[in-house]
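S.K.: Below you'll find the structure I mean.
The values are calculated or read from the model by the stated rules, or taken from the named source; none is laboratory data. Predicted model only: the values in this text are computed from it and were never measured. Cβ placement follows ideal geometry from the backbone for every residue including glycine, while neighbour counts extend to all protein chains displayed. With ligands, DNA and RNA removed, areas are computed over all heavy atoms of the protein, side chains included. Shrake-Rupley method; radii C 1.70, N 1.55, O 1.52, S 1.80 Å.
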Amino acid sequence: MNEHCGQRQIYRCVPIITFVEKDLVNELLSALDASVKENVSGKRTAVAFSGGLDSGMIAVLCKRHTDTTLYTAGVKNSYDEKASEEMSKILNMERKYLELSEEILEKELRNMIRITGTINPITLSFEVPLYFVLKYSDENVILSGQGADELFAGYSKYVGLSEKELADAVKDDTLRLMNSTLIHERSVAEHFGKTIVYPYLDERVADVVRGMRKQGISEGDVRKPLLRDAAMMLGQPELAEKPKKSAQYGSGTMVMLRSMAKKKDMTVREMISNMHSETGKE
C-alpha cells in the first residue's frame, strides 16, 4: 500500500510505484513495448479503446511507435463514451466515437451472428464494441486489451478466492478466451480484412507474470497492481486509478439489448435465438 495516501486506491496523490518491485514493472513494460512495436511499426494503427487501464496502456505504447487512432463504440452518454473522451484528451491522441442506436445494433448483431455463429447473449453484448471498431476503422491493424483480465486476474469474481481456487478459475477463463472468444474475434477481423493484435497474450508478457503471479495479481482489494504500477511508471496516474468496467456495461450495449428485447416481448436470449434462426433462412 502507498504509505503516503489515505486510501489504498488513490494513486494520484504521490506518483511512485506502489505495489510491485520496480524491476518487475520494468520487465512487464519492456515485454509489452516489444510486442506492440513489432506489430505496429511502420503501420497506421487503431486501438479498440474504452478509456480504461487495459486499452489505455496499449494506446500509450502504440503512440511511441506509430500514428495511432483510438476507436470507441457504444451508446450515447455511456460510461465508455465519457471515459474514452476524457482519457484521449489526457493522452493527446485522436479518438473516433462510433455511436450505436437500436436500429444499427439490431442490423449489425444479425451480421455478427451470421459471421461467427455466436449466439451467447453475454458474448455478443461484450463483443459488440470490437465488432464496430473492426468494421468501421480506417486502419487495418487493430490492437486490443483483450487478455489482461485473465493474465492479471482482474475480474471481480476472483476477489477472495484461495490460491488454488484462483489458479483454477484463471485457467478455466484463459481456456475459454483462447477456444471461444478469440475465435469469435478473429472471425470478425478476417471478415472485414483486418488484423487484430493482442499484446497481453504475447508469450513474453505472460512469462513476466508467470514468474511473479502472486505479487502481480492482487494486493488486498486492488486488482492488477502490476499493470497499475506500469501505468504509473509511464507517467499515466489517471490510467492507474481507473476502475474495472465490463465492456457490455461500459458501452451500454447490454442495456440497449434488453430494451430491444423488451419491445419484442422477449428475453435477450430469445431475441438472439430468433435472429440466429432467421439468418439461417436468408
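S.K.: State which residue is most open to solvent (accessible area, probe 1.4 Å) when the search covers only the range 119-154 and only residues that are more than 13 Å from the chain's Cα centre (by Cα) and among the polar types (S, T, N, Q).
M.R.: This residue is ASN140.
S.K.: Kindly provide the set of residues from the range 34-69 that are of a type in the set (Asp, Glu), surrounded by fewer than 17 Cβ atoms within 10 Å (Cβ to Cβ) and within 18 Å of LEU227 (Cα to Cα), ordered by number.
M.R.: Within the range 34-69, none qualify.
S.K.: Residue under question is ALA83, and the condition is that it be closer than 21 Å to MET256 by Cα and surrounded by fewer than 23 Cβ atoms within 10 Å (Cβ to Cβ); does it hold?
M.R.: yes
S.K.: Considering only the range 224-251, state which residues are open to solvent by 30 Å² or more (accessible area, probe 1.4 Å), modelled with pLDDT of 90 or more and small (Gly, Ala, Ser).
M.R.: Selection gives GLY235 alone.
S.K.: Report every pair of residues separated by at least 6 positions or lying on different chains whose Cβ atoms are under 7 Å apart, first residue within the range 235-246 and over 16 Å from SER88 (Cβ atoms), second open to solvent by 30 Å² or more (accessible area, probe 1.4 Å) and of a type in the set (Lys, Arg).
M.R.: Close Cβ pairs (under 7 Å, with a partner that is open to solvent by 30 Å² or more (accessible area, probe 1.4 Å) and of a type in the set (Lys, Arg)) amount to PRO237/ARG12; GLU241/ARG12; LYS244/ARG223.
S.K.: Here's a check for you: in the range 165-202, which residue that is among the aromatic types (Phe, Trp, Tyr) and within 18 Å of ILE58 (Cα to Cα) is surrounded by the most Cβ atoms within 10 Å (Cβ to Cβ)?
M.R.: If we take residues in the range 165-202 being among the aromatic types (Phe, Trp, Tyr) and within 18 Å of ILE58 (Cα to Cα), then TYR200 is surrounded by the most Cβ atoms within 10 Å (Cβ to Cβ).
S.K.: Give me the pairs, please: first residue somewhere in the range 21-32 and among the basic types (Lys, Arg), second residue anywhere and open to solvent by 20 Å² or more (accessible area, probe 1.4 Å) and part of a helix (DSSP H, G or I), beta-carbon distance under 9 Å, and either six or more positions apart or on two chains.
M.R.: Sorted first by the residue in the range 21-32, then by its partner, the pairs are LYS22/MET233.
S.K.: Specify which of the listed residues (ILE119, ILE142, ILE104, ILE113) is in contact (Cβ under 8 Å) with a residue 60 or more places away in the chain, aliphatic (A, V, I, L, M) and in a helix (DSSP H, G or I).
M.R.: Every option except ILE113 fails the conditions.
S.K.: Filter the range 255-266 down to the residues that are open to solvent by less than 10 Å² (accessible area, probe 1.4 Å) and either in contact (Cβ under 8 Å) with a residue 60 or more places away in the chain or not in a helix (DSSP H, G or I) (or both), then identify the one that is nearest to LYS82 (Cα to Cα).
M.R.: Only one residue fits best here, namely LEU257.
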